[in-house]
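J.: Structure in structure tokens, see below.
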Amino acid sequence: SDAICNFVICNDSSLRSQPIIFNPDFFVEKLRHEKPEVFTELVVSNITRLIDLPGAELAQLMGEEDPKLPGANSTASGFFRSLMSLKRKEKGVVFGSPLTEEGIAQVSQLIEYLHKNLRAEGLFRVPGNSIRQQILKDALNSGTDIDLDSGEFHSNDVATLLKMFLGELPEPLLTHKHFHAHLKIADLTLFDEKGNKTSTPDKERQIEALQLLFLILPAPNRSLLKLLLDLLYQTAKKQDKNKMSAHNLALMFAPHILWPRNVTANDLQENITKLNNGVTFMIKHSQKLFKAPVYIRECARLHYLGSRAHTSKDDLDLLTSSGSKELQPLKSQKRSRLDSCHQEETQQRTEEALKELFRHVHNMPDSAKKKKLIRQFNKHPTALTPGSDVPTSPAPRRTRSRSFSGLIKRKVLGTPVILERKSRDTTPEPVRVSKENVQLLQKCGSPAHMSQAKLKSLEGQKEESCRRMRARLLSKDSSSL
């Protein structure tokens, strides 16, 4: 199954030399398009792991309730709010209409042109000529071809028109239902050793939360947001020429891409600084925000290729840890097999080398040197010669009893007593023989010291006495034990 992700088979020989581009988010995009409900549940479950969203805000994020935005219940209608509402009533094909792929295609011409003119001082801050902007706006709405490189338009005209397009969208680029989530992401800070919240932003968690939040943006919004943040990132990199830092750019674009529509600065009050800092963070880290987290990729891959579908990072970590524990015995067994095979191979090569050396010495002409080498071979019993077998370990010798009854039995039957060799570290325990037992032994002495006649006469008596003596000694040994 992994071959689906790693290999691309191409039959066209002209294309084989071209680099193969592999999308690591292939299964993520596949799950998003084929099963959007499953995908949304997977992403939102991990978002709630990072930020605290109450029931109402979570329902708004899921689209189950209409978002409650600041200034929505306010009866005050300022000049700014009225002017913004009047502008949006004049809808065109591109400007003032909901975001579409056609609109993105038209606006991408502006973004592409600005990438070539990032050195203009005060870009996005200095307004352009209103007449030229209106001509350019009408051309974009009508869908006619525009040659921005002709010199008819200035870079400030194009930059201002881009902000105008974003400001006239019916909904901010980051959508209304994501507004509360962005406020919570801006509040993510580090904790000290005692578990108390500090004022230092937790950048890693903020990046992870934004990656997840961008995954559930509508496809047109996500596409345009990526183009826009990449443009602002490149603009901030040339701030020594254009005098526009990431923070200055955030002040220009936060009202257009993040602020709710028809609100004023008074409606947002304390949240303005938080929202501006949030856009600044997006610009600085824009190159990381459009990559799905690793655990989301793995969950999407397992959904299609695996037997189990995991819905959170914790489940994936648990699977990884348990899987590694299960694989440890297998790895150790495999390693031991490899070691044994390596040892056998090394021993076999050594044996072959010794045999070859012995053949060489054996084929040498008779001389003192040859005899000396053969004597050296004979001194080493481990050296293998042609036709010799591999030395095997001797069979363990049977341990014999050291009891006094055993000694009497072997003495009477004429069996020689063989003592086992002890190691140097251990000393043999001496066999204690009483005086009475010694006399009995002498009385039942070896048949070699008796004549044939006496042996015949005393045979029955000796056998009976020895039998009684053995029985008595065995009873003594058993009682002592």
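J.: Starting from residues that are among the aromatic types (Phe, Trp, Tyr) and at pLDDT 85 or above, keep the ones in region 57-114 and report whichever is surrounded by the fewest Cβ atoms within 10 Å (Cβ to Cβ).
T.: Tyr113
J.: Kindly indicate whether any position in region 138-146 is open to solvent by 40 Å² or more (accessible area, probe 1.4 Å), within 20 Å of Phe253 (Cα to Cα) and either modelled with pLDDT of 90 or more or outside any helix (DSSP H, G or I) (or both).
T.: For region 138-146, residues open to solvent by 40 Å² or more (accessible area, probe 1.4 Å), within 20 Å of Phe253 (Cα to Cα) and either modelled with pLDDT of 90 or more or outside any helix (DSSP H, G or I) (or both): absent.
J.: For region 248-302, which positions are of a type in the set (Val, Ile, Thr) and either without any contact (Cβ under 8 Å) to a residue 12 or more places away in the chain or more than 22 Å from Gly122 (Cβ to Cβ) (or both)?
T.: Passing the criteria: Val263, Thr264, Ile272, Thr273, Val294, Ile296.
J.: Answer yes or no: is there a residue in region 13-35 that is modelled with pLDDT of 85 or more, over 17 Å from Ile296 (Cβ atoms) and surrounded by fewer than 16 Cβ atoms within 10 Å (Cβ to Cβ).
T.: no
J.: Among all residue pairs at least 6 apart or on different chains, which show Cβ distances below 9 Å where the first residue, located in region 174-197, is over 16 Å from Leu289 (Cα atoms) and charged (D, E, K, R) and the second is open to solvent by less than 60 Å² (accessible area, probe 1.4 Å) and assigned to a helix (DSSP H, G or I)?
T.: Partner pairs satisfying both residue conditions: Lys177/Gln60; Lys177/Leu61; Lys184/Leu50; Lys184/Glu57; Lys184/Ala209; Asp187/Lys274.
J.: Would you mind listing the helices (runs of 4 or more DSSP H) fully within region 286-381 where at least 2 residues are under 41 Å from the mean Cα position of the chain (by Cα) and at pLDDT below 75?
T.: 313-362
J.: Do we have Thr160 as touching a residue at least 24 places away in the same chain (Cβ under 8 Å), open to solvent by less than 30 Å² (accessible area, probe 1.4 Å) and within 30 Å of Asn46 (Cα to Cα) here?
T.: Considered against the rule, which asks whether it is touching a residue at least 24 places away in the same chain (Cβ under 8 Å), open to solvent by less than 30 Å² (accessible area, probe 1.4 Å) and within 30 Å of Asn46 (Cα to Cα), Thr160 comes out as no.
The values are calculated or read from the model by the stated rules, or taken from the named source; none is laboratory data. Every value quoted in this text rests on a predicted model; they were computed, and no experiment measured them. Because the Cβ atoms are built from the backbone with ideal geometry, glycine has one as well, and the counts that use them run over all protein chains shown. Side chains are part of the model used for accessible areas, which takes the heavy atoms of the whole protein and leaves out ligands, DNA and RNA. Shrake-Rupley method; radii C 1.70, N 1.55, O 1.52, S 1.80 Å.
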